[in-house]
Structure formats: C-alpha cells, structure tokens
Amino acid sequence: MNNTQKLKIAIVAAVLQLTGFHSFSQSHLPSWPISVLPIVEKPVFKADTFNIVGYGAVNDGLTLNTKSINAAIEACSKNGGGVVLIPAGLWSTGPVELRSNVNLHLQSDAVLSFTRDKSQYKLIEANWEGLAAVRNQSPISGTGLVNVAITGKGIVDGNGDAWRMVKREKLTANQWNKLVASGGVVDKEGKIWYPSASSLKGSQTKNAGALAPGKTAKDYDDVKDFLRPNLLVLTKSKNVLLEGVTFQNSPAWNIHPIMCENITINNILVRNPWYGQNGDGLDLESCKNVVLENSVFDVGDDAICIKSGRDEQGRKRGMPTENVLVKNCTVYHAHGGFVVGSEMSGGARNLFVTDCAFIGTDIGLRFKTTRGRGGVVEKVYIRNIVMKDIPGDAVLFDMYYGANSPVFSKDGAGELPKGAIMPVTEETPQFKDIHINNLVCDGASRGIFVRGLPEMNIHDIFLENITIQANKGIQTQDAKGIHFKNVNLIVKDTKPVVDILNSNGLTFEGLRYNQEAEVLFEIKGDKSADILVRSSNLKSAQTIAEYKYGATKKALKIK
C-alpha cells in the first residue's frame, strides 16, 4: 500500500468517526453497467531499441538534439517499430514528432527538456480549447498514429515559464519583482507579466489565433509568442500508452489526446505551477475507450478533464468522449479534480470514476457548461471519492460557466430577479443521469451546488452515501429530479442547510445535519414543487422550512 492510498484511508476513517457516519460496502452501491466499461489493451512493441546517442544526441543540456531524436524515431518506425531510448541525462530538444509502432522510453533520471527558443516551434493549424486555431507546434505531437507510447521513469519538461503570462496577484511581492527584472513586459495596468511584446500583443488581439479564410500561418507571426502550445498532443490516433513518466511545466495544457481511441494511462505524474495559466493536467477531447489509473496531478488549472469540442464546431464534429474509466488517482492543486466541460458540445457519456482523492483542489467534482455549447452529458458514474481542504465546492454542476446567473448573486433583493428563458435548441446543453456514491469531504466552502438553466434544468442526478463538512450545505437552482439519499451535512452556516430555488422533484431520504440547525430548508420561487423528505429526523432543526419569493408550503412534503 503506497502513501497516497494510506492517506485516502486515513481521511475516510477520520471523517466517518467524527461524524458518526457508517461506511458502506460495495454491495450497497448500485452496480455499474459493465457492458460499457472500457476494455483497452496496451499496445505491444518490438524489442528492437534505437538509442538516441547512436544518432548523434549529446547529453549536455546545451546541444539541441531535435534532429537526432526525430531521426531515431523515424528509423525505428521504418524498421517496423520498437523502442526509442532516451538514456539518463539532460537532453535539450525542439519539437519531437512521434511515429506509429514507436515506444519513446525515458530511463530513470532522463530529462527531455524542450527549448525556450520559440523560433524552433513553427506555427501550425491546430486546436485550442475546442476550436480550430493556429498555434505553435507542440513539443511532442503525432497525428493518425497506431500503437504509440511514452514510457519509463524519466521527465518531460516543457519549459512553460518561457511561454506563460503570470498574474501579479498570484505571486508574492518579491517573486513579482524578480519576474519583472528577468525581462518581458508588463501590461499598462501593471497586473500581468508577459514574456515578450508579441505575447502581450496577442493578449490584446481578439481571437488572436482563430483561423480565418485567406489567412496563412505567417499572418500570425506578430502574435506568435501568445499562441502557446500544449505539451503533448495526439490527434486521431489509436492504441496509445502513457506510463510511468512525469509530464511537467507545460506552456498550456499538459496532455491533450483529441479524437483518439484506446488509450491507456498508468502511473504518470503531471505537474504545473499552481499559477500556470491554462495549466490543465489531462484533457481527453472526443476520445473513446480510455483507462486512466494510479496517477497523480498537481497543476495550475483543471486536472482530469473531459471535453468534446466547443459550440458549433464541436457539435458539427459530433464525437463525444465516451467509455472512460478513471481509477485510483490523486489530485492536489487544480481548479477542478474530475471535470466535465466546459467545451463539451459533442457530448460525453459512459464515464466511470472510482477510488480517487482530491486534496486542496479548488473544486472536487466539477461539471460546467453554458448556453451556446449544446451537447449532452449523461451516464456518469462516480463512487468512492475522498476530499480534503476544498476551497470551493465539493460537488458542482453549473450551466452558467463564464456568465452571471441573475438569481443567487442578487438574492437579497425584495423581489426575485427574473432570469431570461431561452428557446431550447441544439445550442442548449444538458446534464442528466449522473450518479455519485460514497463520497467523504473534510472541509469545503460549499458542499453541493446545482445550477441549471430555466429552459433546461439539470435533471436526474443521484447522490447517495455522502458526508460533507463545509461552510455551507446544499444549494439548487433550476434543477429537477435530484435525489439525495443518506447525505450527512456538517455545516457552519445553518441558515439554511439546504437552499432551494425554482427546483422540483427533489427527494431527501435519510438526510442528516447539525443539531439545532437554524433553518433546514429555505424554499424560494413559485416553480419550486414536489420536494419530498422522508426517513429523516427533522426534530434537530429549529425551523424545518422557510418559504420566499412565491414558494408555498405545498412545495414540501414530509413522510
């Protein structure tokens, strides 16, 4: 048993003992639909080995080994495949292009360090946050490959600090002064440092990297430095293996498989500075049949992300991310631990997450989208999750990502603000049929937050066997068919424990909460109805329910 597994057990035991909540065996959990669990076979490679030293590579941290490494990869592929060996040492290089049937193997103590010289990375047509765009070539890339791997115990370092802008608010005064003294430029407001004038100009150019008719890559030269690449991008490839390696310090996202199939990721470490802009860990975009396990993430943005293209382009592509298993992973700093969206316009389904820990992660489970995305996220099964010291929400479903909700932010008004109801079209996103079981959280700002759209409520969400210690409890808005079973809330703010706005068809079974809670339910809005509470001790609350903004006592039924 490793230290991470011991930590997970310790957290669960401590919280359950503190709250008096009993643990649940696997037999208490609903069975997963086994027929759609991904079965992925690892690619197999020939034993023939091609050492980069034999192709002229020099281990001195100075020599640019781009030609030598790519020559070894090309020779290996032409030979029918095998292993390209990166020995122990510090190997400086420019972009590396993978080939089919090649296992790029980094020995222990091998560091593949990508050059800070941006001229080595040509501008290409690529993809950025779900849209076609011009970007700098990724440090490692491959398109249309079959049987490809990066394995070993070495380190892939993207030297992302040469590319990334940095917000002043994320550094100490001393750190900021050192950064400014190192070169680069600061914006007029003095709030953001950029590594070059080209990077600053790109930040001030609307849709700087967007593809446009009649434009060529050369037309983007003046903002080149702003068009940061993802560290590893694999496109339309099959039978992919990432195992044992550390991926770190990326210019933008770390690992980005897009439109790939049959992916195995095991025992990797993904790292980025906590202040790293767009410093995602793993972004699975429009991928099918994926197993991710035994891996650790400590990054600057979302950690384990499910995506499928953005807006019209994503819907036109029409490739959901599906059949994904995430098992025994740990996330430390990240904006979200396990995340779906917001670029999910092609949909996502058959996602399975089990036995994971989120420690100090901004948000534990994060589902995010917004109007205009479209796409359906469904058939998501999550269980056996532990969280500790979550600054934000333990569990979040939000359909107002990047936009302001007209309601909760103005809740103190004399009248309930009216949110616009838009027509339901292909641009309307959906979250439904999502199951979360056996979750323990020790510390969060808020336990569970569910915010749908008035024209498309978040619906059919099942949360069972959950214990959360947080400042606030549960908050729902424009939600229906949300089912809470055996949920235990230990919250600092008990006025109310559960805040319900324009939501219907909610059930609470076996609800537990603080003794002498001021208000158990605050029910708001004339659309709130069919809220059922059963098998729950309501005597512990000073006030069972308060009704506001048109809600009436008819909304709540107690059995």
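Using the structure shown, decide if residue 383 is surrounded by 14 or more Cβ atoms within 10 Å (Cβ to Cβ), assigned to a loop (DSSP other than H, G, I, E, B) and at pLDDT 95 or above.
Taking the combined requirement at face value, the residue does not satisfy it.
Restricting to the range 298-329, count the residues that are in contact with a Lys or Arg (Cβ under 8 Å, 6 or more places away or on another chain), crowded, with 24+ Cβ neighbours inside 10 Å and not in a loop (DSSP other than H, G, I, E, B).
Selection size over the range 298-329: 3.
Could you tell me which residue of the range 446-461 is most open to solvent (accessible area, probe 1.4 Å), considering only residues that are in a loop (DSSP other than H, G, I, E, B) and among the hydrophobic types (A, V, I, L, M, F, W, C)?
Residue satisfying both the conditions and the ranking: 456.
Can you name the residue in the range 34-80 that is among the hydrophobic types (A, V, I, L, M, F, W, C) and loosely packed, with under 13 Cβ neighbours inside 10 Å and, of all such residues, is farthest from residue 352 (Cα to Cα)?
Only one residue tops the list, namely 62.
Regarding the range 358-373, can at least one residue be identified that is more than 14 Å from the chain's Cα centre (by Cα) and within 17 Å of residue 469 (Cα to Cα)?
Yes, some residue in the range 358-373 is more than 14 Å from the chain's Cα centre (by Cα) and within 17 Å of residue 469 (Cα to Cα).
Whether any residue in the range 523-532 is modelled with pLDDT of 95 or more and in contact with an Asp or Glu (Cβ under 6 Å, 6 or more places away or on another chain) is what I want to check.
No, the conditions are met nowhere in the range 523-532.
Tell me the strands (runs of 3 or more DSSP E) entirely within the range 31-121 that contain at least 2 residues that are out of contact with any Asp or Glu (no Cβ under 6 Å at 6 or more places or on another chain) and within 25 Å of residue 239 (Cα to Cα).
It comes to 49-51, 82-86, 102-106, 110-114.
Residues of the range 286-297 being in contact with a strand residue (DSSP E or B) (Cβ under 6 Å, 6 or more places away or on another chain), in a loop (DSSP other than H, G, I, E, B) and over 14 Å from residue 340 (Cβ atoms), which ones?
Across the range 286-297, the qualifying residue is only 294.
Going through 266, 289 one at a time, which residue ends up being surrounded by fewer than 24 Cβ atoms within 10 Å (Cβ to Cβ) and without any contact (Cβ under 8 Å) to a residue 40 or more places away in the chain?
Of 266, 289, the one residue that is surrounded by fewer than 24 Cβ atoms within 10 Å (Cβ to Cβ) and without any contact (Cβ under 8 Å) to a residue 40 or more places away in the chain is 266.
So residue 81 passes all but one of these: (1) closer than 24 Å to residue 219 by Cα; (2) of a type outside the set (S, T, N, Q); (3) touching a strand residue (DSSP E or B) at 6+ places or on another chain (Cβ under 9 Å). Which condition number does it fail?
Condition not satisfied by residue 81: (1).
Can you find, within the range 90-113, the residue that is most open to solvent (accessible area, probe 1.4 Å) among those that are in contact with a Phe, Trp or Tyr (Cβ under 9 Å, 6 or more places away or on another chain) and closer than 19 Å to residue 161 by Cβ?
My answer is 111.
Could you please find all residues in the range 151-184 being of a type in the set (Val, Ile, Thr) and either more than 30 Å from residue 98 (Cα to Cα) or in contact with a Gly (Cβ under 9 Å, 6 or more places away or on another chain) (or both)?
151, 166, 172, 180
Rundown of residues vs (1) of a type outside the set (Val, Ile, Thr); (2) without any contact (Cβ under 8 Å) to a residue 24 or more places away in the chain; (3) closer than 18 Å to residue 129 by Cα, yes/no style:
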position: 317; (1), (2), (3): yes, no, yes
position: 322; (1), (2), (3): yes, no, no
position: 329; (1), (2), (3): yes, no, no
position: 333; (1), (2), (3): yes, no, no
position: 336; (1), (2), (3): yes, no, yes
position: 340; (1), (2), (3): no, no, yes
position: 343; (1), (2), (3): yes, no, yes
position: 355; (1), (2), (3): yes, no, no
position: 359; (1), (2), (3): no, no, no
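Pairs only if they're at least six apart or on different chains, beta carbon under 7 angstrom, first in the range 70-91 and closer than 23 Å to residue 60 by Cβ, second open to solvent by 40 Å² or more (accessible area, probe 1.4 Å) and among the small types (Gly, Ala, Ser); list them, first residue then second.
88/108
List the residue pairs whose Cβ atoms are under 8 Å apart, where the first residue sits in the range 239-262 and is of a type in the set (D, E, K, R), the second is crowded, with 23+ Cβ neighbours inside 10 Å and not in a strand (DSSP E or B), and the two are 6 or more positions apart or on different chains.
243/268; 261/237; 261/287
If I ask for residues that are assigned to a strand (DSSP E or B) and either open to solvent by 10 Å² or more (accessible area, probe 1.4 Å) or on the phi > 0 side of the Ramachandran plot (or both), which ones from the range 355-367 would you list?
The answer is 355, 359, 363, 366.
The values are calculated or read from the model by the stated rules, or taken from the named source; none is laboratory data. The model shown is predicted, which means the values in this text are computed figures rather than measured ones. In this analysis, Cβ positions are derived from the backbone assuming ideal geometry, glycine residues included, and neighbour counts consider all displayed protein chains. For the accessible areas, the whole protein counts, side chains as well, though only heavy atoms, and no ligand, DNA or RNA atoms are used. Shrake-Rupley method; radii C 1.70, N 1.55, O 1.52, S 1.80 Å.
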